[in-house]
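Note sheet for the following structure.
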Amino acid sequence: MPAWKALNGTPEADGFRMPPEFAPHAGCWLLWPERPDNWRAGAIPVQAAFIQLVAAIARFEPVTVGVSPRQQRAARAALSGYARVVVVPNDDCWVRDTGPTFVVDGRGGRRAVDWRFNAWGGVYERHARDDRVAGMIAATEGAPRYRAPLVMEGGSFHVDGEGTVLVTEQCLLNPNRNPRLDRADIALYLHRYLGVRQIVWLGKGVVNDETSGHIDNLACFVRPGEVLLTWCDNRRDPQYRVSRDAWARLREARDARGRRFRVHRLPSPPPLHMTRAESRGILRRPGIRALRAGHRLAGSYVNCYLANGAVIAPLLGASTDEAALHALARAFPRRRVVGVPSREFLLGGGNIHCLTQQVPAV
């Protein structure tokens, strides 16, 4: 069947499941940042940071970057030697959420799940092209795709590859996504489209995360049975209660194989706020409060990317950067930890994990 055609059935029924991010990759997809109402100074600062990110990932695995037709020449020149550049019309660069979730069958088969996308519950008004990104990437990769019948984003779940998925109630049960579906309905779809058996429900996500609390800012799998958790020791910070609630839930939970979780604490940065200069020219996104000077940014070191043999980690320009890199090195002793300056990404509402989508090796 041609890759662009939607498959009948579900991944689970066809023997496919989502592999974990820490499994080997065939490559990584990103989208060139260019949306003028979301990036300051004509997107020039974020594009400079993006080039550094692509160069870092390209040291460890092949990289493909999608770009709009109007900026393909600039992107090809900037990324020459680092990435394959292909035309993928889009509304913004958050390919973790707009791109496909790849699933495999263990026999050399690879397919894609194409989730419905509504811009994180209406944070952006313009997102029709983003809803077509997953299908275009799947076709480029030659992966037949399933068109899932619900709104979902790749940053809202993390799997361990052995039947367990991490999610947050704040995001998946939010009425701005699938108002007619309850917890049981969402759980059924996760079973069918990710191939998981056990769902670990955490509560809220990182404070002020405009995605309504994506898990990829709060927690991720290090390996089966081990979780990395955003941690805060400042009792006056609202993140303190969020992290401790997640800790308590993880301590009580079991994975699909009945194991208790080992939890690695990753320090949160101190509260990071948008400056007056940074706020100029940035879209006032309708789904959140006006992005003006003093707006708290949802900074998190958990929002990293696990490349082949490496952890590509955000540097937030905070006093906690060095401690976070050391904590990541302890959690991933067999991977090289590479820090990439990422405050420019954070100003647009996400970070390194949000900008990347792995293609699993088969």
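Miscellaneous remarks
- Considering residues of region 30-48 that are of a type in the set (A, V, I, L, M) and surrounded by fewer than 18 Cβ atoms within 10 Å (Cβ to Cβ) only, the residue farthest from Cys354 (Cα to Cα): Ala41
- Entry remark, region 215-237: residues being part of a strand (DSSP E or B) and either touching a His at 6+ places or on another chain (Cβ under 8 Å) or of a type outside the set (Ser, Thr, Tyr) (or both) number 10 in total.
- Of all residues making up region 243-280, the number that are of a type in the set (Val, Ile, Thr) and either buried (at least 18 other Cβ atoms within 10 Å of the Cβ) or in contact with a strand residue (DSSP E or B) (Cβ under 9 Å, 6 or more places away or on another chain) (or both): 1
- When the criteria are applied in full, Glu12 fails the requirement of being crowded, with 17+ Cβ neighbours inside 10 Å, closer than 18 Å to Asn308 by Cα and modelled with pLDDT of 95 or more.
- Any pair with Cβ under 7 angstrom, 6 or more apart, that starts in region 33-49 at a residue that is polar (S, T, N, Q) and ends at one that is surrounded by fewer than 22 Cβ atoms within 10 Å (Cβ to Cβ) and outside any helix (DSSP H, G or I): Asn38/Ile282; Asn38/Leu283
- Any chance Asp237 is charged (D, E, K, R) and buried (at least 18 other Cβ atoms within 10 Å of the Cβ): no
- Total residues in region 177-231 satisfying the condition of being crowded, with 20+ Cβ neighbours inside 10 Å, among the aromatic types (Phe, Trp, Tyr), under 25 Å from Ser268 (Cβ atoms) and within 18 Å of the chain's Cα centre (by Cα): the figure is 1.
- Residues that are surrounded by fewer than 17 Cβ atoms within 10 Å (Cβ to Cβ) and of a type in the set (A, V, I, L, M), drawn from region 117-149: Ala128
- Selection over region 155-211 of residues that are of a type in the set (Ser, Thr, Tyr) and in contact with a His (Cβ under 8 Å, 6 or more places away or on another chain) gives a count of 2.
- Within region 6-21, one or more residues are closer than 15 Å to His353 by Cα and not acidic (Asp, Glu).
- Boolean, Gly27 is exposed (fewer than 13 other Cβ atoms within 10 Å of the Cβ), of a type in the set (Gly, Ala, Ser) and either under 21 Å from Gly66 (Cα atoms) or modelled with pLDDT under 95 (or both): no
- Region 52-71, residues that are over 11 Å from Leu31 (Cα atoms) and either acidic (Asp, Glu) or surrounded by fewer than 21 Cβ atoms within 10 Å (Cβ to Cβ) (or both): Gln52, Ala55, Ala56, Ala58, Arg59, Phe60, Glu61, Pro62, Pro69, Arg70, Gln71
- Subset of region 225-277 [among the charged types (D, E, K, R), under 20 Å from Val196 (Cβ atoms) and in contact (Cβ under 8 Å) with a residue 60 or more places away in the chain]: Glu226, Asp255, Arg257
The values are calculated or read from the model by the stated rules, or taken from the named source; none is laboratory data. Computed from a predicted model, the values in this text were never measured in an experiment. Cβ: placed from backbone, ideal geometry, glycine included. Neighbour counts: every protein chain shown.
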